Amino acid sequence: GTDSMILRYWVQNRFLRLSFRAVTAIFFLKFAVEALIVFSETGSISYFLLVVSELISVGLLIFARDSVDVKMTSLAIAATVCGTFYYLLIDFFEYSTISLISSEVGAFLQALGIALQIFSKLSLGRSFGLLPANRGVVVNGAYRFVRHPIYASYIVGHVGFILGAFNFWNLSVLFFAYIFQFIRIMEEETVLKKDANYLMYSKRVRWRIFPFIF
């Protein structure tokens, strides 16, 4: 079928895999530059941490292990693209917002979420990637607590963002983004659970996102 043809072409074409990484790294770098501009204007610690986090993503993408043990179904690709680039639809200026929590609490949650992103990305190291794949099972650092700490960190930061500057547009974007993130988690695990090391790890670390919840 179409999915098997895509997978075969992906596996056989290393230039395609590296090109995908390069293009994605450029998007992350552009986002880091935009965050740096806002940080220079506001002095917000959240934007400083965001710059650091996105630059780490760029570095990890460049030096990540290449893997051909990857899920390349249409669903996995769609979830990866939508779950990665949803931020392009986030509105920061056009629509009015309502503060449901104090600005200090919102800023703290955003900073905490981004700090957890940094810790999780550094823990993942060269196993970092976007498409569901096995680039090496990581069990240390943030991965001692939950199996998908980067997604958990996104949720913490986004809760601070949406409650601190609520509008229905951004809530809708994040709602659909997390549907795709859930699909990404499930697709990643279908690949990783073929690895005996990951099966042992998942028995030891039971929770995917938040302990005692999911």
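The values are calculated or read from the model by the stated rules, or taken from the named source; none is laboratory data. Please read these numbers as outputs of a predicted model, since none were measured by experiment. Glycine also receives a Cβ, built like all others from the backbone with ideal geometry; neighbour counts cover every protein chain displayed. Keep in mind that these areas ignore ligands, DNA and RNA; they rest on the heavy atoms of the full protein, side chains included. Shrake-Rupley method; radii C 1.70, N 1.55, O 1.52, S 1.80 Å.
What to note about this one:
- Euclidean distance of C-alpha centroids, the range 1-57 and the range 151-213, integer Å: 19 Å
- Extension gain for Lys30-Leu100 works out to 22.2 nm (0.36 nm per residue, less the C-alpha to C-alpha distance).
- Surface listing: Leu61, Leu112 arranged by accessible area from highest to lowest gives Leu112, Leu61, probe 1.4 Å.
- Helices meeting the span-like rule in the chain (full DSSP H runs, Cα extent of at least 20 Å along the helix axis, mean Kyte-Doolittle score of -1.0 or higher): 14-42, 45-63, 103-124, 149-164, 168-192.
- By the rule of a C-alpha distance below 28 Å, with chain neighbours fewer than 8 residues away ignored, the lysines paired with Lys194 are Lys71, Lys121, Lys203.
- Cα-Cα pairs of the range 95-214 separated by more than 20 Å (percent): 47 percent
- Summing charges over neighbours of Ala79, with a neighbour being any other residue whose Cβ is under 14 Å away from its Cβ, gives -2 when K and R count +1 and D and E count -1.
- Each of Phe180, Met5, Tyr87 was scored by the projection of its Cα onto the charge dipole of the chain, and the greatest displacement toward the positive side belongs to Met5; charges sit on the C-beta of Lys, Arg, Asp and Glu.
- For the range 35-150, the solvent-accessible area of protein heavy atoms averages 50 Å² per residue (probe radius 1.4 Å; ligands and nucleic acids excluded).
- Checking (i) 123; (ii) 135; (iii) 187 against the coordinates, the calculated volume of the Cα convex hull per residue in Å³ falls under label (i).
- Cα-centre dipole for the range 28-154 with unit charges at Cβ (Lys and Arg positive, Asp and Glu negative), debye to 20: 660 debye
- If only the Cβ of Lys and Arg carry +1 and only the Cβ of Asp and Glu carry -1, the dipole of the range 82-214 around its Cα centre is close to 820 debye.
- Of the listed residues Glu187, Glu34, the order by accessible area with a 1.4 Å probe, largest first, is Glu34, Glu187.
- Top positive-direction residue, dipole computed over the range 118-196 with Cβ charges, set Leu131, Gly141, Leu171: Gly141
- Apolar share of the accessible surface for the range 10-124: 73 percent from carbon plus sulfur atoms, 1.4 Å probe.
- Ranking of Trp169, Trp207 by solvent-accessible surface, largest first: Trp169, Trp207 (1.4 Å probe, protein heavy atoms only, all chains present).
- Among Ile150, Phe28, Val205 - extreme Cα towards positive end, dipole of the chain, charges at beta-carbon: Val205
- The range 105-157 shape via C-alpha gyration tensor axes, a/c threshold 1.5: prolate
- Charged neighbours of Ser202, selected by a Cβ distance under 11 Å, balance to +4 (K, R count +1; D, E count -1).
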